[in-house]
Amino acid sequence: MNKYNGDNINPNYVELLMADIKSGKLHYVDILEIEDCADYLFILQRWDDIKLLIDYCLKLHPDSDEILFIKAKYLIETQHFKKAKDLLDFIAPNYVNDPYYYISYGWLYLKQDLQQDALKHFDKAIELDNEVRYEIAMNLNQLGLHEQVIKYITPVVENSPEDSEAMFEYAFALDKIGRIDEAQEAYEKLVDVSPLYPAAWYNLGIIYNNSGQYDKAVMAYDTAVTVNPDYAEPYFNMGNSYINMMQYDKALDCYFEYASFCDQSQLDTVMQYIGECWWELGNYDYSRRFYERATNAYPDRPELWYGLALANIELGNHTEGLKCLDTAIKLDPDGSEYFFARAQSYYYQEKYDYAYDELMLGIERDPEAVLAWFEAFKIWVNKHMDSNPEDFVSMHIARFDQCNALLFIFCFIIFTTTSDAPSIKKAQKNLDHIAKVSPDTIYMASEDEILRDMLELPNVSKILTNNGINLSDI
């Protein structure tokens, strides 16, 4: 069997070696092979096998400081800090000019949250060999010390902008500390230099998606899987970008492609997103099936019961839908959307009093839900045909006196039911206030056709325009 695949240790060779060691067969293994086998096992965090390899190889090479270094690393990773320090102190006389001696001390201190001591040792390692900056930065990124990564890796990317590995660590750290524009620029430089770097395309896609550049996000994710067809995660994120663009059929294709890579637990996770897509596409039966699978896998997640309830309600399975919403409410009593969904079910069943009560329960949890207020208002008006519509606002104003959504309903009533100049002036003043302090109320209201018609009235749209609200952008 070949011990190496190119420059990399052959995993099959490592597995055969470990099997032989466990069975008592004797092998001669040189120092280089031991280091490479150990690196492979460290990546997999197979601590018992690492200890077994170290003990076996120290019998072959009892005076090897290289193996003692591996043992020190093992002791650090398994949190035997005193033993690790004693071992590093023991081999120190032969390694005072070796940067990896100081790097090992650095990891030892970092694992004990002694960051300043660790950084002093990293700085000493860099004095001895500037090339170790990348290795230090890579490990600091893995430990979440992204600010320190910037310190160590910046000189590398400034002097060698074509160094794709260093640029990746730099971009990743910038992203994690919230310097998103700089991270995007760094990733874009990286893929210009190394267009076959799938992880860079993937992370760039995330930045594009989070900033609303969904077309660019899809392009980046698609490039990642083109470069590496076995890279599963970009398919999932590409599906999310398509959902953001409301292209649910394309999102489904991505989720199904992602599912082809998944084990059972990952497969259960994606069921929710597939169910959401089928719901948006109007196939409520398929939506119900996938949400059922998701709730079976994660019965403690209220949003899954909510999705299953909506599918059942659209299918006319109101009893089952209401049961699902009861479960969601038990898990999350403060979730207003569950009560609004219950109201929708009762409305479909023409049980308008029940629908009104559920709407008000939801409004108690989310007083600024302007569309819920409007639905409650319509039910109330139909039941109280002979009443003044303003009475609806008067009923609730004491309890919701600071509620912009209820104030908006008052404006709607005035603008659509009266020509009384003082009342209109008051409504205009109130709408101007809402536009200034709560423009989201306006945007949410515009989703309803009737409310949008009111917002497009000349005397109303002028108020919105004066406050920088342009409904044509929605």
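Every read-out reported here was derived from the displayed coordinates using simple, explicitly stated rules and does not represent laboratory data. Note that the coordinates shown come from a computational prediction; the quantities given were computed from them, not determined experimentally. Note: ideal-geometry Cβ built from the backbone for every residue, glycine included; neighbour counts use all protein chains shown.
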TODO: May I ask which residue of Ser419, Ala232, Leu114 lies farthest towards the positive end of the charge dipole of the chain, with charges of +1 (Lys, Arg) and -1 (Asp, Glu) on Cβ and the Cα centre as origin?
DONE: Ser419
TODO: Round to the nearest 10 and give me the degree value, 0 to 90, for the angle of helix 421-437's Cα axis relative to the longest principal axis of the chain.
DONE: 0 degrees
Task: Cα-based Rg of the chain normalised by 2.2 N^0.38 Å, two decimals - done: 1.38
TODO: Return the sequence-ordered ³J(HN,Hα) values of region 54-64 in whole Hz as given by the Karplus equation 6.51 cos²θ - 1.76 cosθ + 1.60 applied to θ = phi - 60°, using x for Gly and Pro.
DONE: 4, 4, 5, 6, 5, 6, 6, 10, x, 9, 7
Open item on the list: Which one, Leu44, Ile34, Gln148, is farthest towards the positive end of the dipole of region 16-158 when Lys and Arg carry +1 and Asp and Glu -1 on their Cβ?
Closed with: Leu44
TODO: Could you calculate the contour length gain from Asp268 to Leu114, that is, 0.36 nm times the residue separation minus the distance between their Cα atoms, to one decimal place in nm?
DONE: 51.4 nm
TODO: For region 144-225, count all C-alpha to C-alpha pairs, find those more than 15 Å apart, and express that count as a whole percent of the total.
DONE: 51 percent
Open item on the list: Can you give me the convex hull volume of the Cα atoms of region 223-285, divided per residue and expressed in Å³?
Closed with: 73 Å³
- [ ] Grab the beta carbon distance between Ser64 and Asn228, set R0 = 25 Å, and tell me the FRET efficiency rounded to 0.05.
- [x] 0.10
Open item on the list: If you take every residue apart from Tyr356 with its C-beta less than 15 Å away from the C-beta of Tyr356, what net charge results, scoring Lys and Arg +1 and Asp and Glu -1?
Closed with: -3
Task: Environment charge at Tyr286 (Cβ cut-off 13 Å; Lys +1, Arg +1, Asp -1, Glu -1) - done: -3
Task: Cα-based shape type of region 322-377, given that a ≥ b ≥ c are square roots of the gyration tensor eigenvalues and the cut on a/c is 1.5 - done: oblate
Task: region 331-434 - convex hull of the alpha-carbon atoms, volume per residue in Å³ - done: 97 Å³
Open item on the list: Sequence gap at least 6, Cα distance under 8 Å: using those rules, report the relative contact order of the chain to the nearest whole percent.
Closed with: 4 percent
- [ ] Compute the Rg/Rh shape ratio of region 256-336: radius of gyration over Kirkwood radius, all on alpha-carbon atoms.
- [x] 0.99
Task: CD proxy at 222 nm, helix term only [per DSSP H run n ≥ 4: -39500 (n - 2.57); per residue of the chain; nearest 500] - done: -23500 deg cm²/dmol
- [ ] Anything over 26 Å Cα to Cα? Flag those among Lys59/Lys111; Lys250/Lys351; Lys124/Lys151; Lys82/Lys120; Lys111/Lys176, in the order listed.
- [x] Lys59/Lys111; Lys250/Lys351
- [ ] Quick one: grab the alpha carbon gyration tensor of region 181-261, order the square roots of its eigenvalues as a ≥ b ≥ c, and give me rounded if a/c is under 1.5, else prolate or oblate depending on whether a/b is larger than b/c.
- [x] oblate
Open item on the list: Looking at region 1-125, I'd like the Rg to Rh ratio, where Rg is from alpha-carbon atoms and Rh is Kirkwood's inverse mean 1/r.
Closed with: 0.99
Open item on the list: Need the list of lysines near Lys429 for cross-linking: C-alpha distance under 16 angstrom, and skip anything on the same chain fewer than eight residues off.
Closed with: Lys462
Open item on the list: Could you derive backbone 3J(HN,Hα) for region 322-327 from the dihedral phi with the Karplus parameters 6.51, -1.76 and 1.60 (θ = phi - 60°), listing whole Hz in sequence and x where the residue is Gly or Pro?
Closed with: 5, 4, 4, 5, 4, 5
- [ ] Rounded to the nearest Å, what's the spacing between the alpha carbon centres of region 405-457 and region 196-237? Just the number, please.
- [x] 43 Å
TODO: Mind checking which of Asn209, Val270, Leu431 is farthest towards the positive end of the chain's charge dipole, using Cβ charges of +1 (Lys, Arg) and -1 (Asp, Glu) about the Cα centre?
DONE: Leu431
- [ ] Mind jotting down a quarter of the surface of the convex hull over the alpha carbons of region 375-459, in square nanometres, one decimal?
- [x] 5.6 nm²
